[in-house]
Amino acid sequence: MRTHVVMVPGFGGFDALGRLNYYYGTTALFPKNGALHYFDNLPTASVCTRSLLLERFLCHLVARNVIEPTDEVALVGHSTGGLDIRELVTRLDKNPASAHGLID
């Protein structure tokens, strides 16, 4: 079993802007036995749209067996990235059948 941490950026939605690195130092501090994923968000899209894109991103990782059934996933959002995560979790909680293998 591995733990996958998915970083979900906020309104800026970038991983780097010029010399500014949004996740500076994160990769170096992350444990070697885990998996770190960076979700490329659309900076000005609605929360609903971004949560659907996040779901598609996660489903892609599951479909490619990057995330296996016994693995754990932690979604870490900054700013509006947290709203995107909340929207996704709320929607999947209300309709678990739409989870496409994301939840049991």
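The values are calculated or read from the model by the stated rules, or taken from the named source; none is laboratory data. Just so it is clear, the model here is predicted, and its values are computed rather than measured. Ligands, DNA and RNA are excluded from the accessible area calculation, which covers all protein heavy atoms including side chains. Shrake-Rupley method; radii C 1.70, N 1.55, O 1.52, S 1.80 Å.
For segment 38-69, a tally of residues being assigned to a loop (DSSP other than H, G, I, E, B), at pLDDT below 90 and open to solvent by 30 Å² or more (accessible area, probe 1.4 Å) returns 5. For Leu29, the conditions (1) at pLDDT 90 or above; (2) of a type in the set (A, V, I, L, M, F, W, C); (3) open to solvent by 50 Å² or more (accessible area, probe 1.4 Å) all hold with the exception of (1).
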